[in-house]
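Asker: There's a structure below that I have some questions on.
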Amino acid sequence: MLIKQLTDCDLNTEANGIGYGDKCREGDLYFCLHSGDRLTADIIFAESRGAAAIVCPASSVHSARHIPSSDVRRSFALASAAFYGRPADKLTLIGVTGTNGKTTVTHIVRSMLEEAGYAVGLIGTNGAYFGERRYPCSLTTPDPPELHSILASMLADGADTVVMEVSAHALALEKTEGIRFAVAAFTNLTRDHLDFFGGMDEYRSAKLSLFTPAHAHIGVVNVDDETGMRILRNAEIPLVTYGCDNPSDVFAIDYAPDENGCTFVANLMDDVSEMHYCAPGRYNMSNVLCAAAIAKVLGAETDAIARGAGRMSGVAGRFEIIRGRGKRVVIDYAHTPDGLDKALRAVREITPGKVITVFGCGGDRDRTKRAAMGEIASELSDFAVITSDNPRSEPPGRIISEIAAGVHGCDYVAKEDRREGIEYALGMCGEGDTVLIAGKGHENTQETAGVKSHFSDEETVRELLK
């Protein structure tokens with residue numbers, strides 16, 4: 001494709017692909033996404049790899065092959081869309097954002113819409129797939145070239161709809177610029193990613209940017225959440241609201257949990273249906289309501305929506321229950337204070353005995369949440385095992401000490417080795433007890449001292465329970 005078809009310039013040179021970061025092949029149109037010394041390094045790298053042209057800030061233009069841009073990231077996203085034929089324009093796209101619940105909601109939406117006859121692709125934390133085919137995907141919201149390549153492949157493979165997670169990082173980095181979602185959904189906003197955003201206001205602003213006429217036709221918003229109410233008060237697009245506590249268009253009553261999930265009566269804009277979901281917890285009921293509101297907005301019948309919720313057998317690493325040798329274990333991705341709180345409250349609903357929690361906090365990330373998670377674990381658990389969860393370049397012992405500073409009124413042990421921590425918790429677990437292993441969910445690696453090694457909570461539990 002000619003470069004002038006991808007950018008605001010009249011360069012007739014052919015671009016063979018889109019390059020960025022450490023990815024550049026000969027003939028690519030390369031985008032410099034960094035500043036300062038890293039910007040200079042980007043330009044040198046792209047030139048050494050034989051880039052056809054380089055898009056960079058106007059102040060860095062020093063040759064005819066340098067294309068100035070006032071917003072390189074926006075140009076990057078728009079050029080990526082154009083290079084792959086703007087597949088998003090030919091699909092019904094659903095974007096789900098929020099601190100917690102994105103993965104679960106997207107999976108439930110997919111199930112509901114499939115029941116209604118849609119051909120649905122999914123992109124998110126657990127991967128990208130349509131039907132039996134999986135597509136390479138390493139980020140919750142892929143970088144623009146990968147995102148539009150996946151969308152183009154799904155379209156070619158027969159998808160008519162794609163539901164995807166839209167992270168706050170992706171919004172701040174303008175990854176989805178040029179895409180207008182048929183439906184944008186908001187689950188909640190709680191403390192997370194402050195190492196990147198610096199403060200809650202900046203984090204909230206990134207989420208709010210999705211709910212504008214340029215980015216979405218209609219919104220689905222959780223009005224049990226303060227930020228959801230803010231979206232409602234300042235809406236520039238039509239909104240459908242959902243909630244469990246506040247008046248809303250989509251709501252539920254008669255919540256009843258057990259270890260096989262939960263049932264409730266859902267009111268979908270005055271269409272009423274009993275629903276079942278495979279995991280307990282009022283937050284999971286809220287996730288189902290979010291998905292149901294999305295499906296309803298897109299025209300799915302209430303019966304199909306209920307069937308879609310009921311046929312779910314679970315989402316990998318999201319309140320995933322494993323039983324063996326008389327023990328019950330729940331594996332959950334909860335890695336924020338709010339996520340851990342909700343997961344523990346759901347565990348309490350199905351546990352007559354002790355709740356034993358295994359958890360840690362990631363290294364090189366927001367340190368302020370560590371003591372808060374320690375406090376939550378001590379308040380809602382009978383015993384805690386504080387362990388490693390991707391310490392990255394930080395000493396595991398220091399992270400554990402910062403978590404333990406928040407623990408009070410609950411016995412705990414520290415086990416730097418995550419496998420040892422899980423084994424210790426299983427050894428304590430008796431009949432009627434539950435072990436919650438929080439933080440990593442579906443992940444199958446552990447990063448320590450900058451090195452990733454294979455580790456899966458699920459595999460470890462199943463091996464120990466043989």
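The values are calculated or read from the model by the stated rules, or taken from the named source; none is laboratory data. Just so it is clear, the model here is predicted, and its values are computed rather than measured. No Cβ is skipped: glycine too gets one built from the backbone with ideal geometry, and neighbour counts run over all protein chains shown. Please note that ligands, DNA and RNA were not included when accessible areas were found on the heavy atoms of the full protein model with its side chains. Shrake-Rupley method; radii C 1.70, N 1.55, O 1.52, S 1.80 Å.
Yes/no per residue for (1) assigned to a loop (DSSP other than H, G, I, E, B); (2) open to solvent by 40 Å² or more (accessible area, probe 1.4 Å); (3) in contact with a helix residue (DSSP H, G or I) (Cβ under 6 Å, 6 or more places away or on another chain):
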residue: 265; (1), (2), (3): no, no, no
residue: 275; (1), (2), (3): no, no, yes
residue: 280; (1), (2), (3): yes, no, yes
residue: 284; (1), (2), (3): no, no, no
residue: 289; (1), (2), (3): no, no, no
residue: 292; (1), (2), (3): no, no, yes
residue: 299; (1), (2), (3): yes, yes, no
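Asker: May I ask you to verify whether residue 41 is aliphatic (A, V, I, L, M), part of a loop (DSSP other than H, G, I, E, B) and farther than 19 Å from residue 78 by Cα?
Answerer: On the way: aliphatic (A, V, I, L, M): yes; part of a loop (DSSP other than H, G, I, E, B): no; farther than 19 Å from residue 78 by Cα: yes.
For residue 41, the condition - aliphatic (A, V, I, L, M), part of a loop (DSSP other than H, G, I, E, B) and farther than 19 Å from residue 78 by Cα - is not met.
Asker: I'd like the residue in the stretch 242-263 that is part of a loop (DSSP other than H, G, I, E, B) and within 23 Å of residue 343 (Cβ to Cβ) and, out of all such residues, is nearest to the chain's Cα centre (by Cα). Spell out the reasoning first.
Answerer: Within the stretch 242-263, the subset part of a loop (DSSP other than H, G, I, E, B) is 244-249, 259-260.
Now narrow it down to the ones that are within 23 Å of residue 343 (Cβ to Cβ): 244-246, 259-260.
Numbers: 244: 22, 245: 24, 246: 25, 259: 25, 260: 25 Å.
Restricting to residues being part of a loop (DSSP other than H, G, I, E, B) and within 23 Å of residue 343 (Cβ to Cβ), the top hit is 244.
Asker: Do the conditions hold for residue 201, that is, is it over 16 Å from residue 93 (Cα atoms), in contact (Cβ under 8 Å) with a residue 40 or more places away in the chain and surrounded by fewer than 18 Cβ atoms within 10 Å (Cβ to Cβ)? Spell out the reasoning first.
Answerer: Values: over 16 Å from residue 93 (Cα atoms): yes; in contact (Cβ under 8 Å) with a residue 40 or more places away in the chain: no; surrounded by fewer than 18 Cβ atoms within 10 Å (Cβ to Cβ): yes.
No.
Asker: Looking only at residues that are open to solvent by less than 10 Å² (accessible area, probe 1.4 Å) and assigned to a helix (DSSP H, G or I) in the stretch 151-162, which one is farthest from residue 86 (Cα to Cα)? Spell out how you get there, then give the answer.
Answerer: Initially, the stretch 151-162 is screened for residues open to solvent by less than 10 Å² (accessible area, probe 1.4 Å), giving 151, 154, 159, 161-162.
Going one step further and asking which of them are assigned to a helix (DSSP H, G or I), we end up with 151, 154.
Values: 151: 9, 154: 13 Å.
The qualifying residue farthest from residue 86 (Cα to Cα) is 154.
Asker: Do we have residue 368 as open to solvent by 30 Å² or more (accessible area, probe 1.4 Å) and farther than 23 Å from residue 221 by Cα here?
Answerer: Values: open to solvent by 30 Å² or more (accessible area, probe 1.4 Å): yes; farther than 23 Å from residue 221 by Cα: yes.
In short, yes.
Asker: At least 2 residues that are of a type in the set (A, V, I, L, M) and free of Cβ contacts under 8 Å to residues at least 60 places away in the same chain in each: list the strands (runs of 3 or more DSSP E) lying fully within the stretch 306-396 that qualify.
Answerer: Working: elements: 320-324, 327-332, 355-359, 383-387.
Fully inside the stretch 306-396 and qualifying: 383-387.
Asker: Something else about it: For the stretch 387-396, does any single residue satisfy the condition of being within 30 Å of residue 264 (Cα to Cα), open to solvent by 10 Å² or more (accessible area, probe 1.4 Å) and at pLDDT 95 or above?
Answerer: Step one: filter the stretch 387-396 for residues within 30 Å of residue 264 (Cα to Cα), giving none.
No; the residues of the stretch 387-396 include none that is within 30 Å of residue 264 (Cα to Cα), open to solvent by 10 Å² or more (accessible area, probe 1.4 Å) and at pLDDT 95 or above.
Asker: Name every residue in the stretch 408-443 that is in contact with a Ser or Thr (Cβ under 6 Å, 6 or more places away or on another chain), of a type in the set (A, V, I, L, M, F, W, C) and surrounded by 21 or more Cβ atoms within 10 Å (Cβ to Cβ), in order of residue number.
Answerer: 422, 436
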